[in-house]
Amino acid sequence: TQLLEQSPQFLSIQEGENLTVYCNSSSVFSSLQWYRQEPGEGPVLLVTVVTGGEVKKLKRLTFQFGDARKDSSLHITAAQPGDTGLYLCAGARGAGNQFYFGTGTSLTVIP
Amino acid sequence: NAGVTQTPKFRILKIGQSMTLQCAQDMNHNYMYWYRQDPGMGLKLIYYSVGAGITDKGEVPNGYNVSRSTTEDFPLRLELAAPSQTSVYFCASSYRQGATNEKLFFGSGTQLSVL
């Protein structure tokens with residue numbers, strides 16, 4: 001079983017379209033992060049959200065942490081081919097505040 | 001400044017063989033982690049360490065062992081390789097400042113196949 005479920009698992013869209021990726025759990029997290037991973041490489045951190053209801057913007061990417069700190073979303077406006085990759089959410093919880101990763105969303109943006 | 005370095009990049013093992021995946025970081029990070037990534041399953045935490053001499057189990061520790069004798073190195077040992085351990089393994093490190101200020105730096109991964 002996975003602590004964090006992401007949807008959709010796969011997403012293929014045309015350049016210029018908008019999209020939203022969801023990260024859901026029944027558990028509460030002290031913080032939540034979003035990573036992007038390219039083939040053959042490790043994940044790279046995009047953003048950390050800490051407060052329930054928090055919204056952060058990174059150029060065309062908008063991240064939101066749920067009010068109850070159990071879920072998050074990533075919205076991309078006007079997607080570009082360079083946005084193609086695997087998007088992973090990761091929530092921190094537990095005695096050592098370890099990060100637990102979601103199942104991942106593989107995004108392909110077609111030129 | 002190399003960041004997190006993992007070796008080897010690829011390895012094929014026979015069932016029952018043993019091996020050590022090496023991980024080194026040069027950022028003086030106190031926290032280090034081992035994850036495995038299976039297709040469609042995201043990353044799962046195997047073991048982690050909060051400092052030299054201290055290690056603890058993650059979500060999927062069975063079949064693995066770790067040690068942390070120095071701040072820089074965090075090797076992962078597979079004693080009796082099984083096909084279920086076929087996966088991509090990622091080492092990560094971080095410097096934690098407070099409970100919510102942490103950035104994980106990942107190595108480029110080791111692709112392991114057990115046949």
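The values are calculated or read from the model by the stated rules, or taken from the named source; none is laboratory data. Quantities reported herein were computed from a predicted structural model and do not represent experimental measurements. Positions of Cβ are backbone-derived with ideal geometry, glycine not excepted, and every protein chain shown enters the neighbour counts. Areas reflect the complete protein model, heavy atoms only, side chains present, ligands, DNA and RNA absent. Shrake-Rupley method; radii C 1.70, N 1.55, O 1.52, S 1.80 Å.
To the nearest 20 Debye, how big is the dipole of the protein assembly as shown about its Cα centre, given +1 on the beta carbon of each Lys and Arg and -1 on that of each Asp and Glu? Spell out each step's value before the answer.
Numbers: 18 positive and 17 negative charges, 45 e Å.
Its charge dipole is roughly 220 debye.
At a 1.4 Å probe radius, carbon and sulfur cover how many percent of the accessible area of region A:5-110? Looking at region A:5-110 in its full context, I get 51 percent from C and S. Shown here are the Rg and Dmax of the Cα trace of chain B, at 13.5, 43 Å. Entry note, chain B: relative contact order of 35 percent, from Cα contacts under 8 Å with a spacing of 6+ residues.
Go through B:111, B:20, B:45 and say which Cα lies farthest out towards the positive end of the charge dipole of the protein assembly as shown; charges sit on Cβ, +1 for Lys and Arg, -1 for Asp and Glu. So the residue we want is B:20.
One compactness figure for the protein assembly as shown is 1.01, namely its Cα radius of gyration divided by 2.2 N^0.38 Å. For region B:4-114, carbon and sulfur atoms together expose 52% of the accessible surface, with a 1.4 angstrom probe and every protein chain in place.
Using the Cα centre of chain B as the reference point, and only Cβ charges (+1 on K/R, -1 on D/E), how large is the resulting charge dipole? Debye, rounded to the nearest 20. Intermediate results must be reported in sequence, preceding the final value.
Values: 10 positive and 8 negative charges, 42 e Å.
Dipole magnitude for chain B comes out near 200 debye.
Which of the three applies to region A:9-59, rounded, prolate or oblate, going by the alpha-carbon gyration tensor with a ≥ b ≥ c and a/c under 1.5 meaning rounded? Prolate, because a/c is 1.5 or more and a/b exceeds b/c.
With every protein chain kept in place and ligands, DNA and RNA left out, what is the accessible area per residue of region A:5-110? Probe 1.4 Å, answer in Å².
For region A:5-110, the per-residue accessible area is 44 Å².
Region B:17-56 to region A:1-71: how many Å between their Cα centroids? For region B:17-56 versus region A:1-71, the Cα centre distance is 23 Å.
Label residue A:26 and residue B:41 with points 7 Å out from Cα along Cα→Cβ: what is the distance between them in nm? Placing both labels 7 Å along Cα→Cβ, they lie 2.1 nm apart.
Counting only C-alpha contacts under 8 Å and six or more residues apart, can you give the relative contact order of chain A as a whole percent?
Computed over chain A, the figure is 37 percent.
Taking 23 Å as the straight-line reach from the Cα of residue A:57, the lysines in range (excluding those fewer than 8 positions away in the same chain) are A:70, B:103.
Extending 7 Å from the Cα toward the beta-carbon at both residue A:75 and residue B:14 defines two label points whose distance is 5.7 nm.
Counting protein heavy atoms only and a 1.4 angstrom probe, how many square angstrom of accessible surface do chains A and B bury in total, to the nearest 100?
When A and B are taken together, about 1800 Å² of accessible area is lost.
Against the empirical curve 2.2 N^0.38 Å, the C-alpha radius of gyration of region A:44-88 lands at a ratio of 1.19.
With the convex hull drawn over the C-alpha atoms of chain A, the volume per residue is 96 Å³.
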